[in-house]
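A short write-up of the structure that comes next.
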Amino acid sequence: MIHIKRTREEFEYEVRALTMAFFHGEKISTKNEDTFEEEVTLTIDIRMDEDEIGISFVQNEIPILLIDCKASLAERAEYKNQLKILLYQGLSKITGTTLPWGTLTGIRPTKQALSKLEEGRSLEEIESYFGERYLCSKEKTDLSVDIASRELDILHKIDYKNGYSIYIGIPFCPTRCLYCSFTAFSVKAYEDYVDSYLDALFKEIDYAKGCFDGLEKKLTTIYIGGGTPTSLNEAQLERLLIKINETYDLASIHEFTVEAGRPDSITYEKLRLMKQYGVTRISINPQTMNQETLDVIGRKHTVEDIRNVYEMAREIGHDNINMDLIIGLPGEDEASVAHTLEEIKAMDPDNLTVHTLAIKRAAYLNIYKERYADLTFGDAGKMLALTSDFAREEGYVPYYLYRQKNMSANLENVGYAKPGKECIYNILIMEEKQTIIALGAGASSKFVFPEEGRIERVENVKDVKEYVTRVDEMIERKERMIVKEFFDGQPRT
Ligand code: SF4
């Protein structure tokens, strides 16, 4: 266990996140105590004075390093940055490793690059800013700038500033994947609630239609995610698609995505319905094309199912298909990833989204750690490099990127697309460029105020049954925020 001592509460999150990036999977305690039941292998004692920071590292009770730097607590942001740099330098020295993203522990590095580009900074200026301020590698800086410039080009083509998007959550799945930490309920166990869930959702859909009435705001994109939206049966999916068609003018929006997701939930009829009702982009997510891995991670479908569903989608005329992959799945190595990429090449999807495995608290892989103690994990960095080489060779360009807590090797998730097939919603949400009204259990609306650099969130309850009984309250929560922020607190009639 690693013990971090004396850190100020206001900087605890950053200190913990950076330490975790060096010691992936290791238990970390920030309690201000000296005795623990578990063995403490490393103590990081951080003295945060008004004008100086000092860090001592003690390994197995032997002091190994003492470092310090000047920093003024009066300038909080700068102080935090100095603290992270000092901690990084110490951790890098004692572990003998560096992190490709340096001290960047937040989830949106491209947001920084995007704002620098918007300020008119050159590539050289951004490179030195990322290098000096975050100790970020040139490779990751260039990736961020490359993606940010592409995002800028795409955003320039649409009137996103006067718009908003809608997210609709379907929190049901056929089975739970081993690594999943999302709100996902077994569609079998919740069979009797799905129709009433849709009834409640339709109330929110009706509300969202008029939520910005009186303002010059237009709907830009709609995204149905989950869970697995195609867990709905054909009749339920059709009900939802009809409702969306009746409520919104799809002809005037830029994109309508359904993250179909799991191949075991997709049928010919569901794919046909999505095409008929104006869906412009779908996802069919293999995660891996190795059967053994699919079995281990609890996805009850075969590699053959993935190929079949993909072929059906093409036959029906879906011309923007995304496929999600996960790097770092249990038992996988570079050969497994190379095999998956060969299979992907044969299918030739329009988008390829490459995630690096992140094991969060709510995942079975974490909850039942002991049960999965024998699972092995390959070198995520090398496997991820295979995917970026593949993307370049096959004509995909990276167009959005984000990071999560607990990612293997502290890496990133990258969305690739064939030029012109990029998902606008993904850019809007990742770069926090637009308000997203989120509907359904577990959905989180984000109200974005770019001029003020401010974001307000409104959460819906996660539990399906709660959501059904409390949907009016979910609507009220959003209305309260909209009235406060856009109508000077004057209730609308
Ligand atoms: S398909 Fe996605 S949401 Fe559903 S259980 Fe698997 S990881 Fe979770």
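The values are calculated or read from the model by the stated rules, or taken from the named source; none is laboratory data. Worth saying up front: this structure is predicted, and the values here are computed from it rather than measured. Don't worry about glycine lacking a Cβ; one is built from the backbone with ideal geometry, like all the others, and counts go over all protein chains shown. Keep in mind that these areas ignore ligands, DNA and RNA; they rest on the heavy atoms of the full protein, side chains included. Shrake-Rupley method; radii C 1.70, N 1.55, O 1.52, S 1.80 Å.
Numbers for the structure displayed
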| item | result |
| --- | --- |
| Lone unmet requirement of (1) part of a helix (DSSP H, G or I); (2) within 15 Å of the ligand (Cβ to nearest atom); (3) more than 19 Å from A184 (Cα to Cα) for A346 | (2) |
| Close pairs from region 467-482: first buried (at least 16 other Cβ atoms within 10 Å of the Cβ), partner part of a helix (DSSP H, G or I) and basic (K, R), Cβ under 8 Å, at least 6 apart | V471/K203; I475/K203 |
| Every residue from region 47-71 that is more than 21 Å from F23 (Cβ to Cβ) and exposed (fewer than 13 other Cβ atoms within 10 Å of the Cβ) | D49, E50, D51, K70 |
| Near pairs, Cβ below 8 angstrom, 6+ apart or cross-chain, from region 299-314 (within 17 Å of I326 (Cβ to Cβ)) to any residue that is assigned to a loop (DSSP other than H, G, I, E, B) and more than 14 Å from the ligand (Cβ to nearest atom) | V303/M289; V303/N290; I306/M289 |
| Single unsatisfied condition, K138 versus (1) within 16 Å of the ligand (Cβ to nearest atom); (2) surrounded by fewer than 18 Cβ atoms within 10 Å (Cβ to Cβ) | (1) |
| Top-ranked residue in region 141-169 [being within 16 Å of the ligand (Cβ to nearest atom) and farther than 30 Å from K369 by Cα; ranked as farthest from the chain's Cα centre (by Cα)] | I168 |
| Any hit, region 75-83, residues being part of a helix (DSSP H, G or I), open to solvent by less than 40 Å² (accessible area, probe 1.4 Å) and farther than 24 Å from D51 by Cα | no |
| Filter result for the condition that a residue is out of contact with any strand residue (DSSP E or B) (no Cβ under 9 Å at 6 or more places or on another chain) and more than 16 Å from the ligand (Cβ to nearest atom), over R307, R314 | R307 |
| Some residue of region 101-109 being at pLDDT below 95, more than 16 Å from the ligand (Cβ to nearest atom), surrounded by 21 or more Cβ atoms within 10 Å (Cβ to Cβ) and assigned to a helix (DSSP H, G or I) | yes |
| So E33, is it part of a helix (DSSP H, G or I) and at negative phi | no |
| Some residue of region 358-367 being assigned to a strand (DSSP E or B), of a type outside the set (F, W, Y) and surrounded by 14 or more Cβ atoms within 10 Å (Cβ to Cβ) | yes |
| Matching residues, region 460-492, being at pLDDT 95 or above and touching a helix residue (DSSP H, G or I) at 6+ places or on another chain (Cβ under 8 Å) | N460, V461, V464, K465, Y467, V468, V471, D472, M474, I475, K478, E479 |
| Hey, T293 touching a Leu at 6+ places or on another chain (Cβ under 8 Å) and in contact (Cβ under 8 Å) with a residue 40 or more places away in the chain or not | yes |
| Positions within region 379-402 being of a type in the set (A, V, I, L, M, F, W, C) and in a strand (DSSP E or B), in sequence order | V397, L401 |
| Counted residues, region 287-301 - those being part of a loop (DSSP other than H, G, I, E, B) and modelled with pLDDT of 95 or more | 3 |
